[in-house]
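Down below is the structure, laid out as C-alpha cells.
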Amino acid sequence: MEKNRILSLSKTACRLIEWLCIVLMALLVIGFFYWLIAPDQLSGIRVSAGVETGYGLNGFDFMTADHSTDTVSLSELSGFMVGWIVFRSLFFLGITVLIIRKIMLVLTSIDEVKTFYGSNIKHFRDLSLLGFIAFIASGINFSYIGGSMQITLGLVPGPLLFSLACLVLAEVFREGKMLLEENNMII
C-alpha cells in the first residue's frame, strides 16, 4: 500500500511540535532556576500587570525602548508569582505534549490500516478529556504583583470545541467499528 503523504506530513509536524514543546519546557525550568540565582539578569523580560485567561502563557513581552506602564519586569516579581507563571506554562505545554502523543497514536493506527479499532475510540475519548481539562484550566488565572491580587475567570472556547470535536470523532470511530464488525460477520 502506498504511503499517504498527508499522514506522513502530519506525523512529522506532530513530532516537531512535540520536540518544540519539550525544548520550551526545559528552557522554562532552566530559566526559573536561573531566576532564583540571579533575578536581576532577567529584567529584560516583562510581564503584563493584568492577567488574562487563555490556553498557554499570555502577557510576556521582551523589553523595548518604550516601557509600557502596564508591565512589570520579571526581576520585580515574587518567587510565588514566577513559580505560578512557570507552573502554568509547564502545565499547558504538558497538556499539548499529551495531546500530540495521542494524535500520533491515531495517525499510526490509520497508517497501519487499523482505523476503526477500539484503541482509536479510547484515544479520542482521552483527547476529549485532555481538551476539557485544558478548557477548565485556561479559564482561570491570577496574579499577585506589588501586593495586589487579581483573579481572572473567563470562557476560552478553543479547548472546549476541541474536546467536543474529539467526542464526535470517538462516536464516528465507534460507528465505523460497528460497521466493520458487521461487514466481517457477513464475510
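The values are calculated or read from the model by the stated rules, or taken from the named source; none is laboratory data. What you see is a predicted model, and the numbers here were worked out from it, not measured in a lab. Cβ sites come from the backbone with ideal geometry, for glycine too, and all protein chains shown count toward neighbours. To get the accessible areas, we keep the full protein, side chains included, count just its heavy atoms, and leave off ligands, DNA and RNA. Shrake-Rupley method; radii C 1.70, N 1.55, O 1.52, S 1.80 Å.
If the condition is being open to solvent by 90 Å² or more (accessible area, probe 1.4 Å) and in contact (Cβ under 8 Å) with a residue 40 or more places away in the chain, then segment 4-35 contributes only 15.
Residues checked against (1) small (Gly, Ala, Ser); (2) at pLDDT 95 or above:
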| site | (1), (2) |
| --- | --- |
| 128 | yes, yes |
| 139 | yes, no |
| 148 | yes, no |
| 153 | no, no |
| 158 | yes, no |
| 167 | no, yes |
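Residues in segment 141-162 include at least one that is in contact with a helix residue (DSSP H, G or I) (Cβ under 6 Å, 6 or more places away or on another chain) and farther than 30 Å from residue 116 by Cβ.
Within segment 133-187, being in contact with a Leu (Cβ under 7 Å, 6 or more places away or on another chain) and free of Cβ contacts under 8 Å to residues at least 60 places away in the same chain holds for 135, 166.
Restricted to segment 117-153, and to residues there that are aromatic (Phe, Trp, Tyr) and surrounded by fewer than 19 Cβ atoms within 10 Å (Cβ to Cβ), the residue that is farthest from residue 174 (Cα to Cα) is 144.
Consider only pairs whose beta carbons are under 6 Å apart and that are at least six residues apart or on different chains; among these, list those whose first residue lies in segment 107-121 and is aliphatic (A, V, I, L, M) and whose second residue is at pLDDT 80 or above and open to solvent by 60 Å² or more (accessible area, probe 1.4 Å). Taking only residues 6 or more apart or on different chains, the pairs are 121/174.
Output yes when any residue across segment 52-63 is modelled with pLDDT of 80 or more, surrounded by fewer than 15 Cβ atoms within 10 Å (Cβ to Cβ) and under 20 Å from residue 135 (Cα atoms), and no when none is. There is no residue in segment 52-63 that is modelled with pLDDT of 80 or more, surrounded by fewer than 15 Cβ atoms within 10 Å (Cβ to Cβ) and under 20 Å from residue 135 (Cα atoms).
I'd like to know if segment 135-145 contains one or more residues that are among the aromatic types (Phe, Trp, Tyr) and touching a strand residue (DSSP E or B) at 6+ places or on another chain (Cβ under 6 Å). Spell out how you get there, then give the answer.
Kept after step one, since they are among the aromatic types (Phe, Trp, Tyr), are these residues of segment 135-145: 135, 142, 144.
Checking the rest, the ones that are also touching a strand residue (DSSP E or B) at 6+ places or on another chain (Cβ under 6 Å) come to 142.
For segment 135-145, residues among the aromatic types (Phe, Trp, Tyr) and touching a strand residue (DSSP E or B) at 6+ places or on another chain (Cβ under 6 Å): present.
Just for segment 154-187: of the residues that are surrounded by 14 or more Cβ atoms within 10 Å (Cβ to Cβ) and charged (D, E, K, R), which one is nearest to residue 99 (Cα to Cα)? Going through the qualifying residues, I end up with 174.
Scanning segment 36-48 turns up no residue that is among the β-branched types (Val, Ile, Thr), loosely packed, with under 13 Cβ neighbours inside 10 Å, within 22 Å of the chain's Cα centre (by Cα) and assigned to a helix (DSSP H, G or I). Residue selection: residue 87 fails the criterion of being surrounded by 14 or more Cβ atoms within 10 Å (Cβ to Cβ) and either of a type outside the set (Ser, Thr, Tyr) or touching an Asp or Glu at 6+ places or on another chain (Cβ under 6 Å) (or both).
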